[in-house]
Amino acid sequence: SGMALSGPLTMTGTLSLTNGVLDAGSYVLNIGPVGAVARTSGHVAGSLALPVDVGSSITLTFDIGDATTYAPIIITFDTVTSAGALTAFTESGEHPAIGTSVLDSTHDANRWLSLVNDSIVFGSADVTLGFATGDLDVGARPDRFIVGKWDAGWSLPTVTGTSSTSVTVSGIKSFSTFAA
């Protein structure tokens, strides 16, 4: 509870999140190929990198958020043909390019996320973007959310599921930043 990284860190064992926030700051907390994350409560505030193995139906859960809010991201790959790592980061507030999107910044989740691929070759992925009810604008309806994916321009991936604190998109072929 209340710990902070003073530099980049690679975990080779199990990171046990039991209470509070592990503040990665501007560093990346890297879970190595034989490492794992076990969460009871709490999360990583900042960038978390997880290993991705070769196989099918591979699911990763990024137990991340910011200093006060848990906003997990779940990725499910259909097939992975080359292993690597995926780094996730989430930040409260509007996406820096929200003004050029078709997203309604007055009825959205005031949170965006970034996913960075390191050497993973995969078919497609489903991405579930988590947010807290406190992230929502007054009158925002998560059951009506669309998701914008920013790659030097906006695209609108297919939404395949929503809940009061998440939205899932499918058919993702590359990673970048997202907003709902």
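The values are calculated or read from the model by the stated rules, or taken from the named source; none is laboratory data. If you're wondering where the values come from, they're calculated on a predicted model, not measured in any experiment. Here Cβ is always computed from backbone atoms with ideal geometry, including for glycine, and neighbour counts include all displayed protein chains. The area values use the complete protein model at the heavy-atom level, side chains included, leaving out ligands, DNA and RNA. Shrake-Rupley method; radii C 1.70, N 1.55, O 1.52, S 1.80 Å.
Computed quantities for the displayed model
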item	result
Segment 9-50, subset among the hydroxyl-bearing types (Ser, Thr, Tyr) and in a strand (DSSP E or B), residue surrounded by the fewest Cβ atoms within 10 Å (Cβ to Cβ)	Ser26
Residue that is farthest from the chain's Cα centre (by Cα) [pool: residues in segment 71-91 that are closer than 20 Å to Ser26 by Cβ and either basic (Lys, Arg) or surrounded by fewer than 22 Cβ atoms within 10 Å (Cβ to Cβ) (or both)]	Ala85
Members of segment 92-109 found to be farther than 15 Å from Lys149 by Cα and open to solvent by 30 Å² or more (accessible area, probe 1.4 Å), listed by number	Ser92, Thr106, His107
Among (1) without any contact (Cβ under 8 Å) to a residue 40 or more places away in the chain; (2) in contact with a strand residue (DSSP E or B) (Cβ under 8 Å, 6 or more places away or on another chain), the one test that Thr76 misses	(1)
Segment 110-121, residues that are open to solvent by less than 30 Å² (accessible area, probe 1.4 Å) and either assigned to a loop (DSSP other than H, G, I, E, B) or more than 15 Å from Ser166 (Cα to Cα) (or both)	Ser114, Leu115, Ile120
Residue satisfying condition, being at pLDDT 95 or above and aliphatic (A, V, I, L, M), within set Ala67, Ala71, Ala36	Ala71
Tally of residues being at positive phi and open to solvent by 60 Å² or more (accessible area, probe 1.4 Å) across segment 141-180	1
Some residue of segment 72-91 being touching a Lys or Arg at 6+ places or on another chain (Cβ under 9 Å) and in a strand (DSSP E or B)	yes
When residues of segment 127-165 are limited to those that are touching a residue at least 40 places away in the same chain (Cβ under 8 Å) and part of a strand (DSSP E or B), the one farthest from Pro72 (Cα to Cα)	Trp154
Residues that are more than 22 Å from Gly2 (Cβ to Cβ) and among the β-branched types (Val, Ile, Thr), drawn from segment 34-59	Val34, Val52, Val54, Ile58, Thr59
Top-ranked residue in segment 52-70 [being more than 16 Å from Val127 (Cα to Cα) and hydroxyl-bearing (Ser, Thr, Tyr); ranked as surrounded by the most Cβ atoms within 10 Å (Cβ to Cβ)]	Tyr70
Near pairs, Cβ below 7 angstrom, 6+ apart or cross-chain, from segment 48-62 (touching a residue at least 24 places away in the same chain (Cβ under 8 Å)) to any residue that is assigned to a loop (DSSP other than H, G, I, E, B)	Pro51/Gly32; Pro51/Pro33; Val52/Ala83; Val52/Ile120; Asp53/Ala83; Val54/Ala83; Thr61/Pro72; Phe62/Pro72
Filter pass, Gly130 being in contact with a strand residue (DSSP E or B) (Cβ under 8 Å, 6 or more places away or on another chain), closer than 20 Å to Pro51 by Cβ and open to solvent by less than 50 Å² (accessible area, probe 1.4 Å)	no
